[in-house]
Each structure stands twice: as structure tokens, then as C-alpha cells.
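Quick notes on the structure that follows.
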């Protein structure tokens, strides 16, 4: 039997380099979280897309604290499982970097039993790097034919394979103003648990 402790729900987030933490919801995204607190206009209305381009040009940090259940801690192994991290993310648990992601369609999991605090809070931080800045840097190293502006390179290259820019959603929103977020919810399907995806703990 698999024990699951979901980490979806209320988180906090901030623009990297600032000191202001804001309320966030996971699954969710930077645009939706900023929109919920009135920090940006609706990107789909009029020419608001131009007014929110700074969001995709910035780095963002999501953070949550939690305690582990006794049931989970009694297991031999405990994994942190992340799905739908879009797209360039660094995952840190209690000050230890677990890994970096560059493909929102992949599942990532780490054995974290040794890093968990049995008593007290555990801190999970997921830092999302700007896809615009990342792809502009790649464009400067190896220019993509037909793209002359770094900003345009950032918006287009975000749709290219992981070897160049990381793999993200191929849709209007990704192309036009970028997305940075954890987009999947929590679900369970036997041992693999692939149906909907989640950010959660599990034993195996």
C-alpha cells in the first residue's frame, strides 16, 4: 500500500531578489497567482499581454513548510514526486538541492527520507528561472535562424526541445507571454501514479 502526503494547496511565492512573499496556490502559476491578488491585469484582455511580459522575464521562487505524518516517516523509503514543473526549476528541501528540471512533461522524484525532519517543519523551495532569459542566452551562444531579437528568441525557443531551451507546453499562452508554474494536481494510480500528476510525498 502506498502512503501519500499531498503538498498541494496554499504556498507562498516571490519575485527572486525581492523580500515580499505573496500568497500562492499549487497547482497554479505565477500569472494566475499575481492575477488573484491584483498585481497584474488579465493577460487575455486587450493588449494586456504586453503589460505582463515582465513576469516571464523574471525569476520566481515558490516556498512551503510542512510536517510529515508518522505513517509516512515509518516507511523505509520516502520520495518527493514532482510533476508539471514548467519549466526551468531548481528543487530544494531543507537547504539541500535535490535537482533541476527542464521538461514539464517529465516526472521527477527524489529519495528524501534522510533529509526529512521527523519533528518540526520541513521547508520546500522551488525556484523557477526565466525562460526568456535562458533562451536569450542560448540564442547568443548559438543563434536560431530567423530570430533577430533576444526577447523574441525567448518567446519562441521556449517551445523547442530540451537540448536548446527546455520543454514546455506548446500552446498560445506559452508562446505569447510564457508560463512559470507547477501545473498538475494530485492523483494516484497504482504504483506509478501518472494520471494527473502532483507534488507529494510517497513511500515505495
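The values are calculated or read from the model by the stated rules, or taken from the named source; none is laboratory data. A quick note: this is a predicted structure, and the numbers were derived from the prediction, not measured. We place every Cβ from the backbone using ideal geometry, glycine too, and count neighbours over all the protein chains shown.
Quick notes on this one:
- Residue in the stretch 54-98 that is nearest to residue 123 (Cα to Cα), counting only those that are out of contact with any strand residue (DSSP E or B) (no Cβ under 6 Å at 6 or more places or on another chain) and not in a loop (DSSP other than H, G, I, E, B): 96
- Verdict on residue 43 being at pLDDT 95 or above and either over 18 Å from residue 81 (Cα atoms) or in a strand (DSSP E or B) (or both): no
- Residue 116 vs. criteria under 18 Å from the mean Cα position of the chain (by Cα) and surrounded by 13 or more Cβ atoms within 10 Å (Cβ to Cβ): no
- Residue 196, sole failed condition from (1) more than 23 Å from residue 26 (Cβ to Cβ); (2) surrounded by fewer than 16 Cβ atoms within 10 Å (Cβ to Cβ); (3) at pLDDT below 85: (1)
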